[in-house]
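The values are calculated or read from the model by the stated rules, or taken from the named source; none is laboratory data. All values reported here derive from a predicted model rather than from experimental measurement. Positions of Cβ are backbone-derived with ideal geometry, glycine not excepted, and every protein chain shown enters the neighbour counts. With ligands, DNA and RNA removed, areas are computed over all heavy atoms of the protein, side chains included. Shrake-Rupley method; radii C 1.70, N 1.55, O 1.52, S 1.80 Å.
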Amino acid sequence: MFAVVGDTDGDENYRLLIYTAAAKGVELAHDEAPVSPRVRAFGSGLLWIRRDRFLRPHQLLWWHPESARPTVLSEETDSTRRLELRSVTDDTAILASRGSDTARHWIISGHDDTNPTCQSLTQRTSDADVTISQQTVVVLDRPNGRLWDYCREHVLAETPSGFSAEHLQPSGDAFLVIGRANGRQAIWLPAHGPQAIWTAPPAGTMLPAFDSGNEQLILLASSPVHRPQAVPAEVGKNLSLESTGRASALCLDAASEDDTMIPITLFLPPGEQTHPLVVHVYGAYGISLEGPFDPFTDDLLARGVAVAYCHIRGGGELGPQWHRQATGEYRYRTIDDLLACLARLRALPAIAADRIVVTAASAGGLTAATACLRQPTWLRGLHLVHPFLDPLATLTNSASNLASTDRAEYGDPRHDPAIRDLLQRLSPMARIQELPAQSYPLPRAWIRAAERDARADNDAIHRFSQHYRDASNSRRPGHVIQRVTPGGHLAGGSIEAADDENTLAHAWMLDVLGAPYEPNKPAGTVGRSDPATCSTPSTTRTGYQTEP
């Protein structure tokens with residue numbers, strides 16, 4: 001018996017195929033879609049989560065080779081909640097149901113060929129994460145900063161000061177806690193005490209693994225100025241990483257309209273000249289704006305283009321509260337925060353204020369496009385990938401994929417007139433439709449849609465692109481470029497096609513910025529050093545240089 005799950009069209013309609021042994025090889029025993037993109041061996045069968053027609057994970061299923069059809073073990077009928085398998089061993093699994101700031105959990109137990117049982121997990125808090133480690137059910141109580149042994153009902157550890165715990169991750173015979181420290185991704189190994197915390201480089205990420213030979217924790221770290229590298233995690237010591245030497249990391253912050261300080265990570269190439277700038281923004285769903293080494297970002301830095309990451313509210317950089325500060329009725333703060341960051345960056349002597357491109361994807365596209373329409377002369381270019389541009393239409397359409405769960409992020413305009421009015425004011429689509437033809441100094445734009453996007457509305461992207469072109473007072477050919485590419489919201493039709501599309505967009509960006517054709521050599525000697533150390537972003541409005 002084996003299973004195959006995949007998404008051949010990129011539209012997130014993952015299909016599950018289960019095969020069993022037959023006289024002449026194998027035969028197809030079960031076929032269904034859509035499902036979540038993982039299937040797990042469990043007991044003598046298979047465990048997976050079924051999605052509904054809106055792609056919401058809503059049923060936990062188990063299939064046994066002797067069964068005529070899969071058995072539904074659990075179903076979430078609340079359309080605002082989503083099921084997720086958090087941890088699976090041979091005969092025990094943790095099922096989570098997540099909604100707006102709350103989570104419920106169940107223990108799934110399976111033995112021999114009998115149907116698994118589903119038992120509700122009574123917790124001390126609704127804001128928790130649960131995993132299985134060495135046959136022990138471990139509960140992360142986020143609000144109180146504690147790790148519980150659920151079975152024995154005692155505290156395993158208290159989260160260290162300055163560390164915001166997000167979720168648990170089993171690794172071999174140990175478990176790790178993934179979280180945030182000083183606005184950056186951090187990993188804590190509770191078995192080694194409160195000093196066993198390591199932070200990623202600015203705007204970077206880490207992936208944990210254990211060296212099977214000596215059980216040493218190894219971290220695969222990366223950032224815009226650190227190529228991926230495996231480094232040992234030594235208790236009480238920072239990670240020693242090798243930099244590309246392309247740029248220095250600056251930690252800045254900007255005062256938003258309500259005086260909240262918004263963190264910015266700026267990578268500044270060497271040189272006394274002013275630098276063109278690419279600004280990244282997201283600010284939604286509690287997702288932190290950071291990522292691994294990227295060759296296109298490396299090329300920008302090599303050509304003397306600065307790169308900034310604006311960690312606006314709505315993201316998760318400073319914990320769950322940072323996310324909640326820009327949801328629902330406070331959604332407007334994402335635009336205020338981005339405009340504050342742009343004003344801060346434009347005022348820096350090292351930045352060419354007339355050569356700035358903002359790039360954003362998905363939900364970040366709403367924030368970037370709205371900010372652009374408010375201050376179009378601040379930008380030379382706007383780069384949007386699969387953007388969310390018409391929130392009011394999406395959230396009032398009961399047939400839209402993910403609309404039910406997105407209302408936890410943006411509010412529900414169907415029943416709340418204040419939310420409806422707010423989304424109308426924030427909507428890039430509503431704003432662009434108000435502008436008379438050839439009336440506005442809009443920057444050049446590259447707007448990408450995907451043929452089989454299951455999340456962003458392609459019709460809205462097309463209409464926005466047309467209105468943007470009509471409203472612009474520039475008649476230059478190619479002032480607005482709209483691309484429709486194969487694949488879906490999360491992936492292209494093929495790796496080759498995605499690379500080609502990214503290369504085209506990168507070339508467009510270099511042209512818009514007037515970046516040098518020839519890349520520069522890395523400045524100075526590339527060596528190993530401690531990572532950049534940025535203090536808590538709300539402490540100062542001035543930038544300061546750190547080691548890359």
- prompt: Within the set of pairs 6 or more residues apart or between chains, which connect a residue that is more than 16 Å from residue 100 (Cα to Cα) and touching a residue at least 40 places away in the same chain (Cβ under 8 Å) inside the stretch 405-423 to a residue that is in a loop (DSSP other than H, G, I, E, B) and open to solvent by 20 Å² or more (accessible area, probe 1.4 Å) with Cβ atoms less than 8 Å apart?
  reply: 419/412; 422/332
query: Any idea which of 448, 444 is within 22 Å of the chain's Cα centre (by Cα) and either of a type in the set (Asp, Glu) or at pLDDT 95 or above (or both)?
result: 448
- prompt: Does at least one position in the stretch 309-317 carry a residue that is open to solvent by 50 Å² or more (accessible area, probe 1.4 Å) and either β-branched (Val, Ile, Thr) or within 16 Å of the chain's Cα centre (by Cα) (or both)?
  reply: no
task: At least 3 residues that are open to solvent by 60 Å² or more (accessible area, probe 1.4 Å) in each: list the strands (runs of 3 or more DSSP E) lying fully within the stretch 24-65 that qualify.
output: 25-42
field: Test for residue 524: is it surrounded by 13 or more Cβ atoms within 10 Å (Cβ to Cβ) and modelled with pLDDT under 90
entry: no
- prompt: Do the conditions hold for residue 533, that is, is it within 30 Å of residue 260 (Cβ to Cβ), assigned to a loop (DSSP other than H, G, I, E, B), at pLDDT below 85 and out of contact with any Leu (no Cβ under 6 Å at 6 or more places or on another chain)?
  reply: yes
query: Picking from 421, 412, which residue would you name as being part of a helix (DSSP H, G or I), more than 21 Å from the chain's Cα centre (by Cα), surrounded by fewer than 21 Cβ atoms within 10 Å (Cβ to Cβ) and of a type in the set (Asp, Glu)?
result: 421
query: Could you say which residue among 353, 393 is hydrophobic (A, V, I, L, M, F, W, C), open to solvent by 30 Å² or more (accessible area, probe 1.4 Å), more than 24 Å from residue 492 (Cβ to Cβ) and part of a helix (DSSP H, G or I)?
result: 393
- request: Output the number of residues of the stretch 139-186 satisfying the condition of being aromatic (Phe, Trp, Tyr) and open to solvent by 40 Å² or more (accessible area, probe 1.4 Å).
  value: 1
- line: With the first residue restricted to the stretch 145-168 and required to be within 17 Å of residue 122 (Cβ to Cβ) and free of Cβ contacts under 8 Å to residues at least 60 places away in the same chain, and the second required to be basic (Lys, Arg) and in a strand (DSSP E or B), Cβ contacts under 8 Å at 6 or more apart or on different chains are 155/146
field: Any hit, the stretch 318-341, residues being within 24 Å of residue 142 (Cα to Cα), open to solvent by less than 40 Å² (accessible area, probe 1.4 Å), outside any helix (DSSP H, G or I) and modelled with pLDDT under 95
entry: yes
- request: Tell me, yes or no, whether the stretch 197-212 has at least one residue that is free of Cβ contacts under 8 Å to residues at least 24 places away in the same chain, farther than 21 Å from residue 295 by Cβ and not charged (D, E, K, R).
  value: no
